[in-house]
Amino acid sequence: MDRRKFHMAVDSRLLLSVKKLIVGLRDVVVSRDCQPENQLKKMRGKPFSAKAIFVLCIASFLAGSLFTNQNWTHPSRAKDNRIAVIPHHVTKLQEVKQDCDPKRKLVEGKPGDIMGEVHKTHEAIRSLESTMSTLEMELAVARTVQSNGQHYSLEKLANHTLQKAFVVIGINTAFSSRKRRDSLRQTWMPKGEKLKKLEKEKGIVIRFVIGHSATPGGVLDRAVDLEDAEHKDFLRLKHVEGYHELSTKTRLYFSTAVSIWDAEFYLKVDDDVHLNLGMLMSTLAKYRSKPRIYIGCMKSGPVLSQKEDKYYEPEYWKFGEDGNKYFRHATGQLYAISKDLAAYISINSPILHRYANEDVSLGSWLLGLEVELVDERSMCCGTPPDCEWKAQAGNVCVASFDWSCSGICNSVRRMKVVHDSCGEGEGAVWNVDL
């Protein structure tokens with residue numbers, strides 16, 4: 001077996017083992033917290049629970065050490081010339097280990113401090129989960145780099161640091177949509193130095209997401225190259241553009257984004273949707289401390305089995321009898337997922353099934369996971385007068401579009417009208433405290 005693939009498989013098993021340890025630790029602490037006071041006193045007299053927690057912490061530390069010491073060796077190099085891919089997380093795990101001994105804390109502290117120590121234990125668990133999320137991201141980066149065939153030296157891969165961000169906004173676009181892109185640059189999307197400033201000061205990354213044509217290097221690709229040279233606001237994917245390939249494009253977008261940016265959220269939006277960036281940031285910020293968040297306007301439409309239907313699903317039979325509906329999922333015009341879910345998609349990309357509709361595909365990838373679905377209706381307001389009335393009432397929408405067109409109808413002509421009526425104001429995003 002290829003040595004790099006072997007080490008990647010070992011990394012995956014270690015990652016799963018440490019995740020199980022964290023879940024076990026959390027369950028032990030939660031079970032202690034939920035006991036009545038008299039039972040809690042009895043438990044304090046028994047050393048088992050405290051030892052169990054301490055052993056779990058030690059095991060987590062050792063597993064972290066294994067990650068740190070995991071080496072990747074280039075086949076053409078000597079055996080002793082090794083470079084670690086997953087960087088140091090031992091210090092954080094050591095600190096968490098010290099905080100995870102409730103027996104020591106209770107002996108040293110006062111009886112009145114017990115609830116404070118319980119809170120600190122929960123904070124330690126959250127710290128472990130954060131470290132695990134970072135490890136998942138780094139493993140996703142390594143796999144994406146390998147699967148994309150990028151020829152990085154091992155030194156560069158080992159020292160590869162992700163760019164920090166709050167949210168990465170990927171605007172799905174096509175070769176024929178130049179006028180749509182310009183309509184966004186003239187309304188809600190900053191351009192030039194303002195785009196760079198937004199990224200640097202607010203951690204908001206905005207890119208038009210596009211692949212390449214069936215004839216790489218042809219006139220379509222050259223046109224996008226020139227546009228990108230002018231605006232520097234594209235994320236190019238190793239993907240052949242096509243309407244029936246949107247599920248593949250969505251999967252590749254998330255995988256590519258997590259290999260470049262370490263963001264708290266990754267968002268996909270169509271290029272005929274109006275956004276208010278300030279409201280978007282405020283909405284996402286409410287969920288930044290929660291794991292596995294999937295946010296958008298949740299729906300459950302009918303499974304269309306007739307070929308003449310626009311959203312025909314060739315695999316309709318998998319969803320049961322005729323007339324059945326899809327499972328609940330976010331509508332495709334706009335949705336966001338937290339970093340751990342984006343990393344999950346990247347890591348498992350080769351085995352994620354793609355349905356005809358990309359929003360259904362995303363929902364299916366997350367269906368069997370412990371994911372919190374957030375039905376955020378401000379992300380699917382209608383165009384004026386709907387979003388205008390809401391703005392006048394103080395309820396500025398995150399996003400606006402026309403359901404009948406799956407986006408703003410005649411968006412090139414109407415985007416500015418929607419922006420003038422429903423926009424939050426240019427300075428709003430700079431006033432959001434993240």
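The values are calculated or read from the model by the stated rules, or taken from the named source; none is laboratory data. Here the structure is a predicted model, which is why all the values come from computation and not from measurement. All Cβ positions, even for glycine, are placed from backbone atoms using ideal geometry, and neighbour counts span all protein chains on display. For accessibility, only protein heavy atoms count, side chains too; no ligands or nucleic acids. Shrake-Rupley method; radii C 1.70, N 1.55, O 1.52, S 1.80 Å.
Give me the net charge of Pro385's neighbourhood, meaning all other residues with Cβ under 14 Å from the Cβ of Pro385; Lys, Arg count +1, Asp, Glu -1.
Taking every Cβ under 14 Å from that of Pro385, the sum is -2.
For GluC sites (Glu not before Pro), the sites in segment 265-368 that DSSP calls loop and that have at most 16 other Cβ atoms within 10 Å are Glu308, Glu315, Glu321.
Accessible area per residue for segment 187-302 is 40 Å², calculated with a 1.4 Å probe on protein heavy atoms, without ligands, DNA or RNA. Counting only protein heavy atoms and a 1.4 Å probe, tell me what percentage of segment 232-342's accessible area is made up of carbon and sulfur. Carbon and sulfur: 52 percent of the exposed surface of segment 232-342. Separation of the alpha carbons by more than 20 angstrom is noted, of Lys200/Lys416; Lys202/Lys268; Lys164/Lys299, for Lys200/Lys416; Lys164/Lys299. Here the scattering of segment 164-248 is modelled by Debye summation over its C-alpha atoms, one equal scatterer each and no solvent; at q = 0.11 Å⁻¹ the log10 of I(q)/I(0) is -0.31. Extent of segment 156-297 along its three principal axes (Cα atoms, max minus min coordinate, largest first): 45, 38, 31 Å.
Converting the Cα gyration tensor eigenvalues of segment 323-434 into ellipsoid dimensions via √(5λ) gives semi-axes, longest first, of 30, 18, 13 Å. For segment 297-337, the pair-distance distribution built from all alpha carbon pairs, in bins 5 Å wide starting at 0, is 5, 24, 25, 23, 15, 7, 1 percent. Please state, as a whole number in µm²/s, the translational diffusion coefficient that the Stokes-Einstein equation yields for segment 204-362 at 25 °C and 0.890 mPa s, with Rh defined as the Kirkwood radius across alpha carbon pairs. Rounded to a whole number, D works out at 142 µm²/s.
Centroid-to-centroid, using Cα positions, segment 200-236 and segment 389-434 are 24 Å apart.
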